[in-house]
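Engineer: So that we are looking at the same thing, I have put the structure below in structure tokens.
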Amino acid sequence: MSFMFRKRWLCQFLEEDLKTSLPRKVILGSQEKVREIARRGGVAMSLDALQALERGIEIGRGGIWLELTDEQYQKLRVR
């Protein structure tokens, strides 16, 4: 998942090739919602992953690896 702040948080999702965008994008109103998506997406909550997430939020853009279930992945493949 990549995320960027532009008045609100825009989250986009990529396939494993990091080139192909999935159709669904999510717009969020707070930093906490970005953290919640990360938690729900199964982000490995290692110190490195948490620091990368927090740094991205701090500078207004970033990316993290999600470990989605099949159901979560399918929801992102549909507009």
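Engineer: Scanning for something at pLDDT 90 or above, among the small types (G, A, S), under 12 Å from the mean Cα position of the chain (by Cα) and within 20 Å of F5 (Cβ to Cβ), does the stretch 28-35 turn up at least one residue?
Structural biologist: no
Engineer: Would you check which residues across the stretch 37-79 are out of contact with any Lys or Arg (no Cβ under 8 Å at 6 or more places or on another chain) and of a type in the set (D, E, K, R) and list them?
Structural biologist: The answer is R39, R40, D48, E54, R55, E58, R61, E67, D70, E71.
Engineer: Now for a different question. Pairs only if they're at least six apart or on different chains, beta carbon under 9 angstrom, first in the stretch 7-21 and assigned to a loop (DSSP other than H, G, I, E, B), second among the basic types (K, R) and open to solvent by 80 Å² or more (accessible area, probe 1.4 Å); list them, first residue then second.
Structural biologist: F13/R24; F13/K25
Engineer: Which residues, counting only those in the stretch 43-79, are open to solvent by less than 90 Å² (accessible area, probe 1.4 Å), touching a residue at least 12 places away in the same chain (Cβ under 8 Å) and either small (G, A, S) or under 12 Å from F3 (Cα atoms) (or both)?
Structural biologist: Correct list: A44, A49, A52, L53, G56, I57, G60, G62, G63, I64.
The values are calculated or read from the model by the stated rules, or taken from the named source; none is laboratory data. Keep in mind it's a predicted model, so treat the numbers as computed, not measured. Methodologically, a virtual Cβ is constructed for each residue, glycine included, from the backbone with ideal geometry; neighbour enumeration extends over all protein chains shown. These area figures cover heavy atoms from the full protein model, side chains too; ligands, DNA and RNA do not enter into them. Shrake-Rupley method; radii C 1.70, N 1.55, O 1.52, S 1.80 Å.
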